[in-house]
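Notes for the one structure printed next.
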2 protein chains.
Amino acid sequence: MTVTPVRYSERMETIAKRYFSYNEIHRTVSALAREILASGFEPDVTVAIGTGGFIPARILKTFLKKPILTVGVKLYNDDNQMGEGPKKVQWIDEVERKLRGKRVLLIDEVDDSRTTLAYCLRELLSHHPAEIGVAVLHCKDKAKCDQFPPEITRYWVGQHLQDIWVVYPWDAEDIDAHERNIQAMHLGAGSPASIPLA
Amino acid sequence: MTVTPVRYSERMETIAKRYFSYNEIHRTVSALAREILASGFEPDVTVAIGTGGFIPARILKTFLKKPILTVGVKLYNDDNQMGEGPKKVQWIDEVERKLRGKRVLLIDEVDDSRTTLAYCLRELLSHHPAEIGVAVLHCKDKAKCDQFPPEITRYWVGQHLQDIWVVYPWDAEDIDAHERNIQAMHLGAGSPASIPLA
């Protein structure tokens with residue numbers, strides 16, 4: 001009697017999620033790095049938004065060879081509910097000295113509602129950097145809850161996605177099951193929603 | 001006339017290096033997490049040593065579900081030469097409030113000379129945490145240049161390695177070439193030096 005809903009749930013998961021492998025992420029960061037370098041923007045420092053930006057930022061360092069500062073921002077409560085707004089978990093100490101007059105590249109994994117990115121940009125701009133560029137692995141093409149400050153004119157997106165459920169490899173409790181989900185997705189089990197727009 | 005030295009160089013690289021895939025790293029972190037959880041040590045917070053500890057720490061968060069603070073420590077100069085000692089690139093602001101009385105798990109990718117780990121442990125201990133445990137993906141079994149303070153009684157190693165050249169996936173300029181090197185290594189192109197001890 002309980003078999004049908006379980007199967008249904010499994011099928012929903014197959015349809016609704018887009019699984020990324022580490023190597024695919026690595027290739028996306030590599031392409032982002034080439035775009036950033038080709039643009040003529042030369043950051044002095046990368047600022048990674050934690051914890052989603054840690055892995056993209058560390059990979060990007062291989063190509064840009066710039067130091068990484070990190071900021072920790074929490075958009076959700078511990079029970080995974082949206083809080084009243086982003087909260088700082090960790091912020092850069094001696095920010096003034098580190099960012100004033102510097103060219104900063106802010107990096108995160110995904111531009112979803114844009115809330116966290118816009119919040120971080122306003123905070124960082126208050127410390128008078130020379131310029132801030134923004135890079136994300138993925139941008140979900142959807143209505144945004146916030147917008148970038150007008151000072152931000154450089155924005156790089158590794159890949160545009162529909163508003164789907166993105167599953168990053170670092171969130172996998174079983175990386176081998178994650179790989180099998182990727183294989184199943186590539187075999188056509190996914191709906192058009194799992195195909196990136198660009 | 002130049003063919004022979006190029007081939008020799010390629011062969012040397014095959015022999016001397018141990019390449020790790022992201023998925024292998026992920027499995028090692030998963031096993032580390034199981035050991036840490038089984039030990040009864042329940043950290044309040046993870047402190048990642050940047051930039052090598054960023055990726056292991058982010059993966060570990062999937063299993064331990066604890067916030068990550070980061071510290072940036074630079075052991076080498078920009079020209080990749082050993083400096084006079086570790087230098088702080090970023091340190092935790094409001095450290096006292098965040099670490100005093102807390103159970104801390106310090107994480108880095110490799111215990112090589114032990115210099116960076118020992119330095120960070122002394123710094124963190126000065127802020128009076130309740131306890132600090134240490135976890136690394138890899139420990140090179142070699143003479144160490146420094147030692148852990150006596151307060152440190154919990155130390156988890158994902159894998160012990162000989163004193164070989166470890167190549168992490170996040171350092172790959174070409175992740176597909178990195179994968180081919182892993183395949184070649186598994187096909188037996190590597191010497192015994194590339195086989196982990198445990």
Practice prompt. Just grab the label-to-label distance for A:A130 and B:Y155, each label 7 Å out from Cα along the Cβ direction, in nm (one decimal).
Written response: 4.4 nm
Discussion item. Going by Cα centres, segment B:21-67 and segment B:147-172 are how many Å apart?
Written reply: 13 Å
Worksheet item: Separation between the A:R97 and B:A38 pseudo-spin-labels, each 7 Å from Cα along Cα→Cβ, expressed in nm?
Response: 4.5 nm
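On a 1.4 Å probe surface of the protein chains, which of A:H178, A:H127, B:H128 comes out largest in accessible area, and what is the full order?
Numbers: A:H178 10, A:H127 35, B:H128 105 Å².
Result, largest first: B:H128, A:H127, A:H178.
Using R₀ = 30 Å, calculate the FRET efficiency as 1/(1 + (r/R₀)^6) where r is the Cβ-Cβ separation of B:Q183 and B:F63; round to 0.05.
Numbers: r = 28 Å, r/R0 = 0.94.
Calculated transfer efficiency: 0.60.
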Worksheet entry | Per-residue average of Cβ from other chains inside 10 Å of A:39-51 | 2
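As a test of the definition: which semi-axes, in Å, follow for segment A:22-158 when you take the square root of five times each eigenvalue of its alpha carbon gyration tensor? Largest first, please.
Details: eigenvalues 88, 68, 42 Å².
Sorted largest first and rounded, they come to 21, 18, 14 Å.
Please report the antiparallel percentage of the DSSP beta bridges confined to segment B:22-158, to the nearest 5. Don't skip to the answer; put the middle values down first.
On the way: 4 of 25 bridges.
Approximately 15 percent, going by the DSSP bridge assignments.
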Worksheet item: With labels modelled as points extended 7 Å from the Cα through the Cβ direction, what inter-label distance (nm, one decimal) is found for A:D146 paired with A:A31?
Response: 2.8 nm
Practice prompt. From other protein chains only, count the Cβ atoms within 10 Å of every residue's Cβ in A:58-66, then give the mean.
Written response: 4
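The values are calculated or read from the model by the stated rules, or taken from the named source; none is laboratory data. The structure presented is a predicted model; accordingly, all values stated were derived computationally and were not measured. Note that each Cβ is placed from the backbone with ideal geometry, even for glycine, and that neighbours are counted across all protein chains shown. Please note that ligands, DNA and RNA were not included when accessible areas were found on the heavy atoms of the full protein model with its side chains. Shrake-Rupley method; radii C 1.70, N 1.55, O 1.52, S 1.80 Å.
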